[in-house]
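My questions all concern the structure below.
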Amino acid sequence: MTGLDGSAPFDLAVVGGGPGGLATVLAAEAQRPEWRIAWWRGATPGFLPAYGGNHPVHRLNVPVERMGLDAEAPVDFLDWLRAAHPSRAVRPGDFVPRAWFGEYLAHRAARVRATAVDADVVDLRRTDAGWALEGAGGRAATSRRVVLAVGLPAPLPMPGAPPHWVGDPWAWWRRHAEGPLPLPPGGRVLIVGSGLTAVDMVLGLRVRGFGGPIEVVSTGGRWSTAHAASPPLDPDARERLDEALDAAGSARELVRALRRAAGGHPWRAVIDALRADTNARWAALDEDEQRRVLRHAFGLWNRHRHRMAPDVSAALSGDAALHLRAGRVSVDGNGRIVVRHVGEARIASADLVLDCRGPGFRAALAGTSLLARLVRGGVLAAHPLGTGVRRPDDPALAVVGAARFGERFETTAVPELRQQAVEVVREWGRPVR
């Protein structure tokens, strides 16, 4: 088995058609222009669900100047928008529509030199010549090196979920992007989870004309916080924060140190000061303490770390028919949706349920996903936390992005994706100048 055209093996195969895969292709073409690269983009190329088929009301939660895929020029997205769409008058600090980022990704993808393979990889195995990739539809090739940038699947299905339970909200949105929504007059909507996908679903329902009651239920019963201007910590405060975190040997002590710092300084500045060191702080905790972070502090961290645009937050606050509550949602043996909170249980009435519980960290290693098959086949090893995979032992195999969660704590946002892509390619040889 050789290259797709019958020639010698590829130097690099990148598996994954999302931003992480594209960032890896771009990094490899910049650093190793002599390499032959195969980009396995999947059976449905494009940048769905998060960056394609969206309404303009669906916006990024990161300012435009921080979303470029080029680690050497992180303002590339802003520069492209200004050059390609000057009428949009985009400025630094703007939170632009997700669809615009999808346009930018498509623009960058159309200009790569890599051989595009529009098929899903169904198997990956080691051979004397490198890695043999088997794709759907009989597509196959060999590559000396492979990067897996496959992202994460949707959460595990809710057992016993009734027909009006939607497990993939973005797929539902795309199916109903035009025409009437499948809701009766006076209908009610229940959204499970209060993260950024839930925010997008609320905004989407409202812009499509649904004015009925929307109930949002999540464990914490809180939205993500809003962005706001916040000067960075001064050097002395940053040094004191670092000293306190260095002295913290447990999850409890870390949270205590952060709360203490946020009591004397703007909390956004405290969180932002950790960005470059979060993975190192995470790695310094033993496995039991990491589990405690995920069990007790992960939701709190996400609400403060992954913020939303200020006007989006204001729109949610001003929606009188939108109700956010704390609770845990399950389905009983009769297919009824049960909301439990503080020892009490009630049956939720809804005509539509959108499951917005977030990435399927544990689902990544279950079922029939490529990651799950590779773990079962011994190609990859599951991380002890069960949230992703360990760094591969084989030096010619690498993983980029969300599948590394557990080994890393910050691994899903564009700045981390582009940096991981650069690091992976650099490990395979010094950059070509």
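The values are calculated or read from the model by the stated rules, or taken from the named source; none is laboratory data. From a predicted model like this one, the values you see are computed outputs, not experimental measurements. A quick note on method: Cβ atoms are made from the backbone with ideal geometry, for glycine too, and the neighbour counts reach across all protein chains shown. For the accessible areas, the whole protein counts, side chains as well, though only heavy atoms, and no ligand, DNA or RNA atoms are used. Shrake-Rupley method; radii C 1.70, N 1.55, O 1.52, S 1.80 Å.
Work out the FRET efficiency for ARG291 and HIS55 from their Cβ-Cβ distance, taking R0 = 56 Å, and round it to the nearest 0.05.
So, using R0 = 56 Å, E works out to roughly 0.90.
With every protein chain left in place and a probe of 1.4 Å, what is the accessible surface of ARG91, to the nearest 10 Å²?
150
Given H placed 1.01 Å from N in the peptide plane, which residues other than close sequence neighbours of ARG408 have an amide H under 5 Å from its amide H?
It is none; the list stays empty.
Rolling a 1.4 angstrom probe over the protein heavy atoms, how many square angstrom per residue are accessible across the chain?
46
Next question, about the same structure. For ARG82, project a label point 7 Å along Cα to C-beta. Then give me every residue of region 205-229 with its amide nitrogen under 20 Å of that point.
Hits in region 205-229 for ARG82 at 20 Å: none.
Something else now. Quick one: Cα centre-to-centre distance for region 88-155 and region 204-219, in angstrom?
Cα centres, region 88-155 to region 204-219: 33 Å.
Mean-square fluctuation check for the chain, GNM, Cα pairs under 10 Å: which of PRO232, PRO19, PRO415 is largest?
Its mean-square fluctuation being the largest, the pick is PRO232.
I need the shape label for region 168-261. Rule: rounded when a/c is under 1.5, else prolate if a/b > b/c, else oblate, with a, b, c from the alpha carbon gyration tensor.
Working: a/c = 3.76, a/b = 2.83, b/c = 1.33.
It comes out prolate by the Cα gyration axes.
Run through all the Cα pairs of region 384-433 and give the fraction in each 10 Å bin from 0, expressed as whole percent.
Computed distribution, short to long bins: 25, 51, 22, 3, 0.
Right, here's the next one. Two-decimal Rg/Rh of region 259-336 from alpha-carbon positions, Kirkwood Rh?
In region 259-336, Rg relative to Rh is 1.09.
For region 249-293, evaluate the Debye formula with one uniform point scatterer on each Cα (no solvent term) and list log10 I(q)/I(0) at q = 0.15, 0.22, 0.23, 0.24 Å⁻¹, rounded to two decimals.
The Debye formula, applied to the Cα set alone, gives -0.39, -0.77, -0.83, -0.88.
Going highest first, how would you order 325-333, 133-141 by mean Cβ packing within 10 Å?
In decreasing order of mean packing, 325-333, 133-141 become 133-141, 325-333.
Let me ask another. Taking 0.36 nm per residue of sequence separation and subtracting the Cα-Cα distance, how much length would be gained by fully extending the chain between ARG336 and GLU34, in nm to one decimal? Could the numbers behind the result be given before it?
Details: separation 302, 0.36 × 302 = 108.72 nm, distance 5.88 nm.
Once the chain is fully extended between ARG336 and GLU34, it gains 102.8 nm.
Further question: Taking 0.36 nm per residue of sequence separation and subtracting the Cα-Cα distance, how much length would be gained by fully extending the chain between ARG346 and HIS107, in nm to one decimal?
That pair, ARG346 and HIS107, stretches by 81.1 nm at full extension.
Label VAL207 and ARG238 with points 7 Å out from Cα along Cα→Cβ: what is the distance between them in nm?
3.7
Give the shape of the chain as rounded, prolate or oblate, defined through the alpha-carbon gyration tensor: a ≥ b ≥ c are the square roots of its eigenvalues, a/c under 1.5 means rounded, and otherwise the shape is prolate if a/b is larger than b/c and oblate if not. All intermediate terms of the calculation are to be shown ahead of the outcome.
Values: a/c = 1.45, a/b = 1.26, b/c = 1.15.
Taking the square roots of the gyration eigenvalues as a ≥ b ≥ c, the chain is rounded.
Sort region 10-76 into rounded, prolate or oblate with this rule: let a ≥ b ≥ c be the square roots of the eigenvalues of the Cα gyration tensor; rounded if a/c is under 1.5, and if a/c is not under 1.5, prolate when a/b is larger than b/c, oblate otherwise.
Oblate, since a/c reaches 1.5 and b/c is not below a/b.
If Lys and Arg each add +1 and Asp and Glu each add -1, what is the summed charge of the other residues whose beta carbon sits under 14 Å from the beta carbon of GLY137?
So the surrounding residues net to -2.
Who wins for biggest fluctuation among PRO310, PRO86, PRO56 in a Gaussian network model of the chain, springs between alpha carbons below 10 Å?
Result: PRO86 has the largest fluctuation of those listed.
Given the rule -39500 (n - 2.57) for each run of at least 4 DSSP H residues, summed and divided by the residues of the chain, what is its mean residue ellipticity at 222 nm, to the nearest 500 deg cm²/dmol?
Value at 222 nm, helices only: -9500 deg cm²/dmol.
On to the next question. Between ASP123 and THR219, what is the label-point separation in nm under the 7 Å Cα-to-beta-carbon projection?
Those two pseudo-labels are separated by 3.8 nm.
With all pairs of different alpha carbon atoms counted, what Kirkwood hydrodynamic radius in Å does region 352-417 show?
12.6
Oh, and also: Leaving out ligands, DNA and RNA, what percent of the accessible area of region 22-107 is carbon and sulfur, probe 1.4 Å?
With neighbouring chains kept in place, the figure for region 22-107 is 55 percent.
Send over the Kirkwood Rh of region 59-146, from the inverse of the averaged 1/r over different Cα pairs, rounded to one decimal Å. Before the final figure, lay out each step's value.
On the way: mean 1/r = 0.0643 Å⁻¹.
One decimal place: 15.6 Å for the Kirkwood radius.
Can you give me the relative contact order of region 91-250 as a percent, contacts being Cα pairs under 8 Å and 6 or more apart?
Taking the mean separation of contacting Cα pairs over the length of region 91-250, I get 11 percent.
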